[in-house]
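Novice: Input: one structure, supplied below.
The values are calculated or read from the model by the stated rules, or taken from the named source; none is laboratory data. Just so you know, these numbers come straight off a predicted model, no measurement behind them. Positions of Cβ are backbone-derived with ideal geometry, glycine not excepted, and every protein chain shown enters the neighbour counts. For the accessible areas, the whole protein counts, side chains as well, though only heavy atoms, and no ligand, DNA or RNA atoms are used. Shrake-Rupley method; radii C 1.70, N 1.55, O 1.52, S 1.80 Å.
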Amino acid sequence: MSFRTLDFLLERSMTGKTMVLAVVAPHGEDILGAVAEAKEKGVVSPILVGERKKMEKIASEHSIDLSSFDIIEEPDDAKAAEYAVQAVSSGKADLLMKGNVKTATLLKAVLNKEWGLRSGSLLSHVFLFQIPKMDRVFCMTDGGMSMYPDLKAKQGIIENAVSCYHKLGVECPKVAALAAVEVVNTDMPCTVDAAVLAQMNRRGQIKGCLVDGPLALDNAVSEESAKHKGIVSEVAGHADILLVPDIEAGNLLGKVMLYMSGGRGAGVIVGAKKPIVLTSRFDTAETKLLSIAFGAVLAKGQ
């Protein structure tokens, strides 16, 4: 099973119960616009935590109606993050969204031992993207949280992404552990990790998916490219999930997909008790809307 476009996120998020979204410091046109559209579509019911005057000024300038929004006045970013996280951990809200607040400030609240959203699992960023040249949606992880993951962290990153796909209805997603080459080279540690992860999957240490690697990006997503290289694999050419070796590769790949390839994307942090919608400050309103929808779909699956 594969998804042709990211529109499936909106379709699924508009069915069933409306999720309550707590947004930290939504002081931006794209954020408020995306949240307002998500509310209009019935995807979420928002709680906006931040500086009311800033929100109202932006809303007035861009014809966004905030009259029916639940707004909590809190100009201090750290306190706003604390309020929003506690709203989620207490059950008042179903998912969290980062607005114009530093990621470190948000994560400090998320990781609070008393009332945060710790689950015992590794936190990782899952990014779904769709580009014009390809005929399906791909997942890339982790380009937003884990900087230089070791083997254990990569296992956790895979397991988080696989759990997402299970909630999306894909029983056995195909995972490609990416590298620059398709063979193990001891001078390139990520190729060794990729081979070990593939073997761990075969031995049942990583479940609910198929893992292969090392694979280069082209033969991970293109069946023709895999054939040219003589790669025989159930994953090569058919990958759903692309495991990048580190945050630099993931950050670059994500930005190429969005800004240079005309793609669409949706990103969420997983591994916490509830999904955390995390987008770049410069992401479009559509990316933010799709990310909200992605988080809402995952929240419904928990």
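Novice: Note down the relative contact order for region 63-200 as a percent, whole number, built from C-alpha pairs under 8 angstrom at least six residues apart.
Specialist: 13
Novice: With a cut-off of 8 Å between alpha carbons and a minimum separation of six or more residues, what is the relative contact order of region 246-302 in percent?
Specialist: Reported relative contact order: 29 percent.
Novice: While we're looking at this one, here's another question. Accessible area per residue for the chain in Å², computed with a 1.4 Å probe and the full protein assembly in place, what is it?
Specialist: Normalised by residue count, the accessible surface of the chain is 45 Å².
Novice: Divide by every residue of the chain the summed helix terms, -39500 (n - 2.57) for each DSSP H run of at least 4, and state the resulting mean residue ellipticity at 222 nm, rounded to the nearest 500 deg cm²/dmol.
Specialist: After summing the helix terms and dividing by residue count, I get -11500 deg cm²/dmol.
Novice: Sticking with this one: Quick one: check the C-alpha center-to-center distance for region 44-71 versus region 159-183, whole angstrom.
Specialist: So the separation of the two Cα centres works out to 37 Å.
Novice: Can you tell me the order of 293-301, 77-85 when each peptide is scored by its average per-residue count of other Cβ atoms within 10 angstrom, highest first?
Specialist: 293-301, 77-85
Novice: Go through 80, 90, 3 and say which Cα lies farthest out towards the positive end of the charge dipole of region 1-93; charges sit on Cβ, +1 for Lys and Arg, -1 for Asp and Glu.
Specialist: Value computed over the given set: 3.
Novice: Greater than 21 Å separation of Cα atoms is the criterion. Which listed pairs, 39/113; 41/79; 133/167; 41/288; 92/154, meet it?
Specialist: Pairs exceeding 21 Å: 39/113; 41/79; 133/167; 92/154.
Novice: Once the Cα atoms of helix 52-61 and of the chain are each reduced to a long axis, what angle between those two axes, in degrees from 0 to 90 to the nearest 10, is obtained?
Specialist: 80
Novice: Kindly give Rg over Rh for region 54-100, based on alpha-carbon atoms, with the Kirkwood expression for the hydrodynamic radius.
Specialist: Radius of gyration relative to Kirkwood radius: 1.01.
Novice: Would you work out which of 256, 189, 124 lies farthest towards the positive end of the dipole of the chain? Charges go on Cβ: Lys and Arg +1, Asp and Glu -1.
Specialist: 124
Novice: From Cα pairs below 8 angstrom and at least 6 apart in sequence, can you work out the relative contact order of the chain, rounded to a whole percent?
Specialist: Once normalised by length, the contact order is 23 percent.
Novice: Pairing the Cα long axis of helix 77-89 with the longest principal axis of the chain, what angle in degrees results, from 0 to 90 and rounded to the nearest 10?
Specialist: 70
Novice: Also, quick follow-up: Please enumerate, by chain and number, the aspartates and glutamates with C-alpha under 16 Å from the C-alpha of residue 300, excluding those fewer than 8 residues away in the same chain.
Specialist: Straight-line reach from residue 300, under 16 Å: 11, 94.
Novice: Mind jotting down a quarter of the surface of the convex hull over the alpha carbons of region 177-234, in square nanometres, one decimal?
Specialist: Taking the Cα atoms of region 177-234, their convex hull projects to 3.8 nm² on average.
Novice: Lys and Arg at +1, Asp and Glu at -1: add these up for the other residues within a Cβ distance under 13 Å of residue 12 and post the number.
Specialist: Neighbourhood net charge equals +2.
Novice: Positive end of the dipole of the chain, charges at C-beta (+1 Lys, Arg; -1 Asp, Glu), about the Cα centre: which of 101, 36, 49 has its Cα farthest in that direction?
Specialist: So the residue we want is 49.
Novice: To the nearest 20 debye, what charge dipole does the chain have about its Cα centre, counting +1 at the Cβ of each Lys and Arg and -1 at the Cβ of each Asp and Glu?
Specialist: About 620 debye.
Novice: Run through the DSSP bridge list for the chain and note the antiparallel percent, rounded to the nearest 5.
Specialist: Of the beta bridges lying entirely in the chain, close to 30 percent run antiparallel.
Novice: Still on this structure: When 1/r is averaged over all different Cα pairs and the result inverted, which Kirkwood radius in Å belongs to the chain?
Specialist: When all Cα pairs of the chain are included, the Kirkwood radius is 19.5 Å.
Novice: Return the carbon/sulfur percentage of the accessible area of the chain, one whole number, probe 1.4 Å, all protein chains in place.
Specialist: The C+S portion of the solvent-accessible surface of the chain is 51 percent.
Novice: Sticking with the crude label model, points 7 Å out along Cα→Cβ, report the distance from residue 150 to residue 134 in nm, one decimal please.
Specialist: Between residue 150 and residue 134, the label points sit 3.0 nm apart.
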